[in-house]
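The values are calculated or read from the model by the stated rules, or taken from the named source; none is laboratory data. This is a predicted model, so every value here is computed, not measured. Reconstructed Cβ throughout: ideal geometry from the backbone, glycine too, with neighbour counts over all protein chains shown. Just so you know, the surface numbers come from the protein's heavy atoms only, side chains and all, with ligands and any DNA or RNA stripped out. Shrake-Rupley method; radii C 1.70, N 1.55, O 1.52, S 1.80 Å.
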Amino acid sequence: MNLFRSLLAAGLCVAGVLSASAADKLTVGFSQIGAESAWRTANTDSIKNEAEKRGIKLQFADAQQKQENQIKALRSFIAQGVDVIAFSPVVETGWEPVLREIKRAGIPVVLSDRAVKVSDPSLFVTFIGSDFVEEGRKAGRWLVEKTGGKAVIAELTGTPGAAPAIDRKKGFEEIISTHPEMKIIKSQSGDFTRAKGKEVMESFLKSPEGKQITVLYAHNDDMALGAIQAIEEAGLKPGKDIVIVSIDGVKGAFEAMAAGKLNCTVECNPLIGPQLFDLIKKVAAGQSVAKRIAVEEGVYDESQAAAELPKRQY
Ligand code: GZL
C-alpha cells in the first residue's frame, strides 16, 4: 500500500479509534444509597472498580441512606450533563419529579439493585437487580425444611419503604402462610444495619413474648450479625436456641455459619459492576435493552459454610 493510502488508512484507523475511545469515554453519574452494610460496600467497590477498568468517568455520590441526598445528587448530574444516570433508590416512591427533570434533560436512567414505583415506566430505561420476593421465598422454604413447619418467628425488616424490605417480607410470608404453626410474633425495622439489628433484637428478647421466639428472620446479614450479639448477651445460643436465617451471603455470614451461630443465608449478589456497565454502554449507544435484568444467586446453609468461605468474593 503506498504512503498516502497507508496514512489515510492509518488516519481513518486513528479517527476510528478516537471516535471509539471517545464513545467509550462515557461520563456516568451514580447515586449510591450509602455504606450501611457489607453488601453495600461490596456493591460500591464492584461499581467503582469496573468504571475504572473501563476508563469511564464516574461521578459517584454517597447519600448516607437519605432520599433527599440522592435527589440532590441526581439534580447535580443533570447540571453536569452526564451521559447516563444510574442509581440505587433507597426507597420505592418519591422519584417522579426528579425523574421527569432528568427525562426533560434527555439523559437515560438505569436503576441498579433496587426498583422504583412510578406511573410512567418511560422514566427509566432498565432495572438490574435481584428478585427480592424470590429471596424471601427461598428463606421461607429453607425454614420450613429446617423446622418441619413449626416456628415462632421474630423478623428484622430492612429500611421502611425499600424494595428489598417490602419484597423479602412478601416472599417469606407467602411461604410460611401455608404452615399454620409458623407465626411471625415480632417484626420491626433494623434499617439494614448491624447496630440497629442488635438494638431491635435486644428489645424483642426483653419483651413479654421474648422467651417464645424460636427463629429469627433477618432481611440482611448485617442485622442478623447484630442480633447474634444480642442473643449471646442474653445468655442464649444463636443458631441453636434461636435458628437464624438471613439474606445477602456476605463473608461475615459464612463465618457465623462456620461457627454454628447462623443457620442459613440466601445469596444476594452485589458484584453487578460488570453487568451494570455493559448495560450502561448499550443504553448510551441507544441500543435497545430489556426493561428488567435479573441477577443470578443461590442459598447456603451451615453445612456448606466451611467449604464456601474461601471462595466468597464479598
Ligand atoms: C439488596 C440491597 C440491600 C442488601 C442490604 O439488593 O439493596 O441493601 O440486602 C443493603 O445489605 O443494605
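Residues that are more than 16 Å from the ligand (Cβ to nearest atom), in contact (Cβ under 8 Å) with a residue 12 or more places away in the chain and either out of contact with any strand residue (DSSP E or B) (no Cβ under 9 Å at 6 or more places or on another chain) or charged (D, E, K, R) (or both) within the stretch 123-156 comprise 141, 146, 150, listed in sequence order.
For the stretch 300-309, the criterion of being out of contact with any strand residue (DSSP E or B) (no Cβ under 6 Å at 6 or more places or on another chain) and aromatic (Phe, Trp, Tyr) is met by no residue. Among the residues making up the stretch 281-293, those that are of a type outside the set (Lys, Arg), at negative phi and open to solvent by 60 Å² or more (accessible area, probe 1.4 Å) are 285, 287, 288. Listed by first and then second residue, the pairs with beta-carbon distance under 8 Å, at least 6 apart or on different chains, first residue in the stretch 252-280 and open to solvent by 20 Å² or more (accessible area, probe 1.4 Å), second of a type in the set (S, T, N, Q) and part of a helix (DSSP H, G or I), are 271/43; 271/46; 274/46. Quick one: would you say residue 244 is buried (at least 19 other Cβ atoms within 10 Å of the Cβ) and either away from the ligand (no atom under 15 Å from the Cβ) or part of a strand (DSSP E or B) (or both)? Considered against the rule, which asks whether it is buried (at least 19 other Cβ atoms within 10 Å of the Cβ) and either away from the ligand (no atom under 15 Å from the Cβ) or part of a strand (DSSP E or B) (or both), residue 244 comes out as yes. Scanning the stretch 87-118 for residues that are polar (S, T, N, Q) and within 15 Å of residue 293 (Cα to Cα) gives 88, 112.
Could you tell me whether residue 296 is part of a helix (DSSP H, G or I) and either closer than 30 Å to residue 58 by Cβ or more than 15 Å from the ligand (Cβ to nearest atom) (or both)? Taking the combined requirement at face value, the residue does not satisfy it.
In the stretch 281-297, the qualifying residues are those that are over 14 Å from the mean Cα position of the chain (by Cα) and touching a residue at least 60 places away in the same chain (Cβ under 8 Å), and the one that is farthest from residue 87 (Cα to Cα) is 285.
Screening residue 227 against (1) away from the ligand (no atom under 16 Å from the Cβ); (2) in contact with a strand residue (DSSP E or B) (Cβ under 8 Å, 6 or more places away or on another chain) leaves a single unmet condition, (1). Residues in the stretch 87-102 that are open to solvent by 20 Å² or more (accessible area, probe 1.4 Å) and of a type outside the set (A, V, I, L, M): 93, 94, 96, 97, 100, 101.
Just so you know, in the stretch 257-279 the residues that are outside any loop (DSSP other than H, G, I, E, B), out of contact with any helix residue (DSSP H, G or I) (no Cβ under 6 Å at 6 or more places or on another chain) and more than 15 Å from the ligand (Cβ to nearest atom) include one that is nearest to residue 293 (Cα to Cα), and it is 279.
Here is a yes/no grid of residues against (1) under 29 Å from residue 226 (Cα atoms); (2) not assigned by TED's automatic domain parsing to the domain that holds residue 276:
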| site | (1), (2) |
| --- | --- |
| 101 | no, no |
| 113 | yes, no |
| 136 | yes, yes |
| 158 | yes, yes |
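Just give me the residues in the stretch 188-205 being in contact (Cβ under 8 Å) with a residue 24 or more places away in the chain, more than 16 Å from the ligand (Cβ to nearest atom) and part of a helix (DSSP H, G or I), in sequence order. Listed by number, the residues that qualify are 199, 201, 202, 204, 205. Search the stretch 157-187 for residues being small (Gly, Ala, Ser) and either within 13 Å of the ligand (Cβ to nearest atom) or not in a strand (DSSP E or B) (or both), and hand back the single one that is most open to solvent (accessible area, probe 1.4 Å). That would be 177. In the stretch 151-179, of all residues being of a type in the set (Gly, Ala, Ser) and over 26 Å from residue 111 (Cα atoms), the one that is farthest from the chain's Cα centre (by Cα) corresponds to 151. Taken over the stretch 29-87, the criterion of being within 20 Å of residue 106 (Cα to Cα), within 16 Å of the ligand (Cβ to nearest atom) and in contact (Cβ under 8 Å) with a residue 60 or more places away in the chain is satisfied by 30, 86.
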